[in-house]
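Down below is the structure, laid out as structure tokens.
Bear in mind these aren't lab numbers, they're just calculated from the coordinates by the rules spelled out. Note that the coordinates shown come from a computational prediction; the quantities given were computed from them, not determined experimentally.
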């Protein structure tokens, strides 16, 4: 075993990091790059994933659907798209459990960053490929107990977190491709909150800015039905100026709705899988600058707060330690247990939900409130 140890586990949280098996190191990456929307994962153009970001639409024909898949829940190409959330992958708990080791003092110390040794985490992406990432010791850790993520007795498709120290709420995230929604039926079905896409930038080279044409309607109707409401913007910004333009567009739509958000406006920068996305080669440094520019602009012209939509590949390759530490996270992962070693507040755990009042698959989210 080398001086650099690796945690091989698909499970998350500081508790799981502390119980992971350390072995030799490898290289990292994930495609739900993956996963997406505020939160997260992949989608076809017309029902692109959102993963909070539920995908973006295309520049020329946003309403049209194509089969473009994003790395992270969501965007659609400029020419023909309309975004949604991450593609669901088959359960890999068997593979994960096969890699999980017993807790040791060494792993606990390494995970907490007190040994000075690098710590690595194996994870599986939406294409069922394994990757290895180095865990950043300074980023706040996932503190949830993996064994407390269980099926919810209220609905067999729901996941819940069974800990009396927390309040757990079920929610959804939607975009124009979701279609017409009976929001009262959604509320009566036990859903307490929703993230609504308010806009996107196409991922073709033109990078056209578009408002989600159902956003105003959805924000108002969700609020009137009694749900707590947040929003997200699917970003393809190449620089701070474009990020500021996206922020202004998002605020314009929210203000037009007249709705006061209960939840943050989520910034959802996307990498496009299997296509030539305009932001595919963006650097981690530029993503950090764009994220801060988006937040600064939103908070300077509105009362909205800004946080981020993410998934494990993005946490591995897109966001830096400062962003991961300074923002609350809407995390997308369709495994039975979230794999991230880092903190999160919302978990997008499925893009195949069946929700009263909505035709077709819907992203399902969990809000864990201390």
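When every alpha-carbon pair in region 111-188 is counted, what percent end up more than 19 Å apart?
The calculated P(r) of region 111-188 puts 65 percent of pairs beyond 19 Å.
Please report, to one decimal in angstroms, the Kirkwood hydrodynamic radius of region 147-369 built from all distinct Cα-Cα pairs.
17.7 Å
Can you give the extra length, in nm with one decimal, that the chain gains between residue 134 and residue 322 once fully stretched, where that is 0.36 nm per residue apart less the Cα-Cα distance?
Gain in length upon complete extension: 66.1 nm.
Which value, in Å³ per residue, describes the convex hull spanned by the Cα atoms of region 167-231?
Dividing the Cα hull volume of region 167-231 by its residue count gives 84 Å³.
In nm, what is the difference between 0.36 nm times the number of residues separating residue 303 and residue 180 and their Cα-Cα distance?
Contour length minus Cα-Cα distance gives 41.5 nm.
Given Cα pairs under 8 Å that are at least 6 residues apart, what percent is the relative contact order of region 176-224?
With pairs under 8 Å counted, the relative contact order is 39 percent.
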